[in-house]
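Report on one structure; see the data block that follows.
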Amino acid sequence: MKKILALLLALVMVFALCACGQQAAPAPADKPAEAAPAPADKPAEAAPAAAAGTLKIWVAEAIVDFTKDQVAKFVEAHPEYAGYEVTVEPVGEGDAASNMLTDVEAGADIFGFPQDQLARLVAADALIELSEENAALVAAENDAGSVAAATMAGTVYAFPLTSDNGYFMYYDKSVISDPSNLEAIIADCEKAGKSFYFDLRSGWYQPAFFFGAGCTLTYDTDDAGAFTKCNIDYASENGVGAMKALIALAKSPAFVNGSSVSNATNAAAIIDGTWDADAAKEMFGENYACAKLPTVKINGVDTQLGGFGGFKLLGVKPQTDEAKLAFCDDLAAYLASGEVQLARYNVVFWGPSNIAAKADPAVQADEALSALGQQLAFTVPQGQYPGEYWSLAEALGDDIIGGKYNDADDAALLAALQTFQDTCIGYAG
Amino acid sequence: MDEVKRGNAVSRFFRVLGKDLREIGQTFVQGDWKTKISFLVMGFGQLCRGQIVRGLAMLAMEVGLLYFTFGFGWQYLSKLLTLGTVETHKEGRVTVYGDNSFFILLYGILAVVAILALIYLWRVNLRQNREAEGLLARGKRLPSNRSDLASLLDKNFDKTLLALPVLGIFIFTVVPIIFMICIAFTNYDVTHQPPSKLFSWVGLENFKTLFGIGGEGFGGTFFYVLGWTLIWAFFATFLTYFLGMAVAILINKKEIKYKKLWRTILVMTIAVPQFVSLLYVGKMFAADGLVNAYLLKWGWIKTAIPFWTNATYARILIIVINLWIGIPYTMLIVTGLLMNIPAELYESARIDGANAFQTFRKITLPYMLFVTGPFLLTQFIGNLNNFNVIFLLNQGNPKSLQLSKNAGATDLLVTWLYKMTINDSNYKIAAVIGIMVFLVTAIISLVVYNTMPSVKDEEGFQ
């Protein structure tokens with residue numbers, strides 16, 4: 001009897017170990033089970049009947065139902081694809097890119113992602129380039145910025161979905177009298193004991209100052225998505241000027257680092273994007289107002305803040321089966337078409353990149369979108385940046401917020417920017 | 001001294017190996033034809049001599065392992081030295097996947113393990129043959145099938161019990177560790193990701209990068225992070241330990257009323273999951289968090305205190321918040337132990353005129369250190385790898401331009417490793433750091449454990 005008990009205990013121990021072991025080392029334990037059969041299965045599945053199989057779509061949670069409806073509509077109009085079983089899964093755009101990179105073969109066939117992930121995805125072969133006719137169509141129907149964002153080294157890799165990934169200023173009309181000048185805004189905030197929110201730590205918001213001052217930071221890539229060259233001039237008089245403006249901003253008691261309305265307490269102004277429009281409306285109530293970014297004094301001159309214009313894209317994964325590839329191509333092209341973009345705007349208020357959809361009166365009347373539209377004139381279409389850049393920008397931001405340069409002279413600032421610049425250059429090639 | 005020991009170990013290894021090889025030779029030369037065939041067909045001798053169970057088991061394992069190694073594993077094993085050469089390419093717009101370095105490495109390792117297991121079983125098989133022959137030559141009977149099976153529940157019961165646990169540990173712990181160690185010697189990173197890209201062996205390149213100072217290397221950052229990891233583990237362990245003990249002693253005092261109430265209040269922090277409480281506390285100390293907001297409102301400060309953005313503040317704050325989480329645990333453990341200290345010791349100390357501090361230093365503390373020595377060690381090791389507290393509170397920030405590879409001022413080696421794999425897909429360096437974490441914990445554990453009073457002098461307090 002005792003022995004049987006002991007045996008049972010040993011078994012229990014094994015299961016416990018299995019459970020622990022798997023947690024500790026998910027990569028080797030999980031992957032083969034999931035991914036190994038994939039290459040063998042896929043061709044077999046698709047071979048017998050050309051138009052049958054499964055297709056997986058990843059989109060942001062907000063548009064899952066919308067996408068399902070649109071897919072149903074598309075399949076109805078194209079009965080030749082009726083054999084495919086399409087599943088739509090909610091995967092946040094940022095996660096979609098990382099998930100694709102973790103395991104390309106298990107990833108979705110069509111997925112939405114922010115365009116700053118394009119380089120990573122192309123480098124990992126997780127995106128297939130658009131067919132020539134689709135590429136031409138995309139270039140003709142969408143605004144130039146979004147087309148540039150979907151293009152790498154002359155090849156179009158994805159369908160533009162939105163042209164609203166930029167930032168501008170939401171503010172409280174009752175506190176801020178003049179939204180066009182940062183010094184005046186800060187003075188108003190300090191007087192009212194309210195806060196000014198700007199995400200100085202983020203490699204996305206931070207360049208508003210540097211680009212505004214006339215600096216550049218872009219990367220060149222080769223066909224395979226590898227970074228070949230970094231074009232940067234942060235270590236310059238303009239860069240030092242922008243850095244001083246950032247340090248002055250960080251020193252103000254009204255400054256709070258952040259860019260999310262939901263985390264903001266006591267805000268009078270916040271630099272944020274259209275996705276927070278509803279939250280901002282709720283927070284500011286009837287004092288809600290939007291404006292392009294203000295000007296700031298850099299090296300004695302009032303300078304308009306710049307920044308990135310950003311875009312959401314829809315990509316197709318490389319396929320091993322031709323028939324399925326055709327379906328993926330057609331479906332993705334449909335989901336990114338002007339008609340669907342406008343429909344999407346009406347459901348979730350994502351600003352379209354399609355020129356015809358943009359001209360729609362409903363889109364034109366949107367306050368936040370029009371502020372963004374004004375700001376987009378001063379921005380650079382966001383190109384491709386290596387993943388390390390975003391961390392490096394956080395490092396620079398942390399140093400500024402942490403007060404490391406509060407007493408630094410121009411030479412010290414230039415030296416710091418030189419380090420930043422050299423590290424950026426180091427990421428290329 | 002060490003040199004001599006190592007020399008002994010090496011020479012002993014070769015002596016044993018030599019003896020083993022000689023025995024294998026003898027088994028072949030002196031054995032009968034059944035034994036000789038067993039060299040190729042494992043279990044043949046046992047089967048011929050009527051030990052069906054042993055024979056079948058041996059044969060089945062040989063066939064199984066051979067099939068795994070050469071039937072299934074060969075396609076991977078044959079490429080283990082290069083980790084694959086066929087690149088993924090496109091035919092028109094259709095993708096054709098080439099070699100997958102990841103699977104080659106994983107299944108290659110498994111195949112090597114299978115070969116080693118086969119060699120071991122082969123040796124066992126020979127020994128069984130030789131033993132059986134010996135028994136027969138002396139005119140004795142061989143153990144029957146029934147007694148073989150029965151021995152699994154009696155003489156060999158330990159093996160029955162351990163078979164599954166050992167297999168489990170092997171598959172879920174040992175193999176992944178071997179795999180991780182191998183990754184440290186490859187260039188598996190963001191630009192070499194299977195299935196579309198190959199990775200290959202690069203020798204000690206990654207170790208050079210990690211320890212190199214200046215240029216490509218980031219030794220400066222590594223030692224900075226290692227330094228903070230050790231400082232953190234030290235304070236996190238000993239501050240919670242001594243303060244926890246102080247609280248326990250305080251509550252244990254006769255004069256204190258409502259003992260249970262105080263204990264319950266303290267234990268509440270354990271009841272709330274750390275994931276929740278730490279995230280909240282992290283937010284509380286943000287620039288626009290609760291703490292700053294109230295301090296500003298009451299006019300105690302003019303500008304928000306940069307709790308999380310100033311490196312020194314962040315480090316101190318993390319240690320302090322960890323006290324709040326750690327003290328209740330120590331208090332619980334110490335409370336029980338305090339009641340175990342014989343009251344006579346305190347009584348006689350009091351009669352001798354010792355004051356409270358003296359009794360603590362001479363009686364309580366030595367006893368505690370003796371009993372909780374191993375606990376302190378595990379706490380220290382646990383704190384070296386205390387991912388939760390650091391990551392949930394402030395993700396290892398603030399970063400700085402002076403630190404390379406994404407590291408922050410409060411990053412531990414493990415959180416740095418995590419960021420490296422999750423954000424940068426830098427698996428090769430992460431694997432090297434993993435090995436370093438192992439070395440640090442192993443060295444500290446071995447040194448401390450061997451000098452602990454509870455190990456050196458087991459009966460000291462009995």
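The values are calculated or read from the model by the stated rules, or taken from the named source; none is laboratory data. This structure is a prediction, so every number in the text was calculated from the model and none was measured. Here the Cβ is made from the backbone with ideal geometry for all residues, glycine too, and neighbour counts use every protein chain on show.
Yes/no matrix, rows are residues, columns are (1) buried (at least 23 other Cβ atoms within 10 Å of the Cβ); (2) not in a helix (DSSP H, G or I):
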position: A:GLY214; (1), (2): no, yes
position: A:TYR219; (1), (2): no, yes
position: A:LYS229; (1), (2): no, yes
position: A:ALA235; (1), (2): no, yes
position: A:GLY239; (1), (2): yes, no
position: A:ALA242; (1), (2): yes, no
position: A:LEU249; (1), (2): no, no
position: A:PRO253; (1), (2): no, yes
position: A:VAL256; (1), (2): yes, yes
Checking B:PHE357, B:PHE285 in turn, the sole residue that is of a type in the set (A, V, I, L, M, F, W, C), loosely packed, with under 12 Cβ neighbours inside 10 Å and either in contact with a Pro (Cβ under 6 Å, 6 or more places away or on another chain) or within 26 Å of B:GLY244 (Cα to Cα) (or both) turns out to be B:PHE357
Among (1) of a type outside the set (Lys, Arg); (2) crowded, with 23+ Cβ neighbours inside 10 Å; (3) over 17 Å from the mean Cα position of the chain (by Cα); (4) over 30 Å from A:ALA264 (Cβ atoms), where does A:TYR171 come up short? (4)
Looking only at the range B:396-418, filter to residues that are closer than 21 Å to B:ILE319 by Cβ and within 8 Å of another protein chain (Cβ to nearest Cβ); which one of those is farthest from the chain's Cα centre (by Cα)? B:SER400
Those residues of the range B:411-451 which are closer than 18 Å to A:LEU392 by Cβ and in a loop (DSSP other than H, G, I, E, B), in sequence order: B:ASP411, B:ASN423, B:ASP424, B:SER425, B:ASN426
Can you tell me which of (1) in contact (Cβ under 8 Å) with a residue 60 or more places away in the chain; (2) exposed (fewer than 15 other Cβ atoms within 10 Å of the Cβ) is the one B:ASN340 doesn't meet? (1)
If you go through B:LEU167, B:LEU152, the only one that is over 16 Å from the mean Cα position of the chain (by Cα), among the hydrophobic types (A, V, I, L, M, F, W, C) and at the interface with chain A (Cβ under 9 Å from one of its Cβ atoms) is B:LEU167
Looking at A:GLU190 and the list (1) more than 13 Å from chain B (Cβ to nearest Cβ); (2) surrounded by fewer than 23 Cβ atoms within 10 Å (Cβ to Cβ), which single condition is not satisfied? (1)
Kindly check whether there is at least one residue in the range B:89-99 that is away from chain A (no Cβ under 14 Å), out of contact with any helix residue (DSSP H, G or I) (no Cβ under 7 Å at 6 or more places or on another chain) and either touching a residue at least 40 places away in the same chain (Cβ under 8 Å) or among the hydroxyl-bearing types (Ser, Thr, Tyr) (or both). no
Between residues in the range A:171-194 that are under 15 Å from A:GLY285 (Cβ atoms) and residues that are buried (at least 16 other Cβ atoms within 10 Å of the Cβ) and among the β-branched types (Val, Ile, Thr), which pairs lie under 6 Å by C-beta distance while being six or more apart or on different chains? A:ILE176/A:ILE185; A:LYS194/A:VAL175
State whether the residues of the range B:312-327 include one that is within 30 Å of B:PHE375 (Cβ to Cβ), within 14 Å of another protein chain (Cβ to nearest Cβ) and of a type in the set (Lys, Arg). yes
Can you name the residue in the range B:190-211 that is over 17 Å from B:THR85 (Cα atoms) and within 14 Å of chain A (Cβ to nearest Cβ) and, of all such residues, is modelled with the highest pLDDT? B:THR209
Answer with yes or no whether A:ASP95 is touching a residue at least 40 places away in the same chain (Cβ under 8 Å) and within 14 Å of chain B (Cβ to nearest Cβ). no
Among the residues of the range A:404-429, which ones are free of Cβ contacts under 8 Å to residues at least 60 places away in the same chain and surrounded by 19 or more Cβ atoms within 10 Å (Cβ to Cβ)? A:LYS404
Filter the range A:370-403 down to the residues that are at the interface with chain B (Cβ under 9 Å from one of its Cβ atoms), surrounded by fewer than 20 Cβ atoms within 10 Å (Cβ to Cβ) and more than 19 Å from A:CYS230 (Cα to Cα) and list them by number. A:GLY403
A:PHE210 closer than 30 Å to A:GLY429 by Cα, surrounded by 24 or more Cβ atoms within 10 Å (Cβ to Cβ) and under 25 Å from the mean Cα position of the chain (by Cα): yes
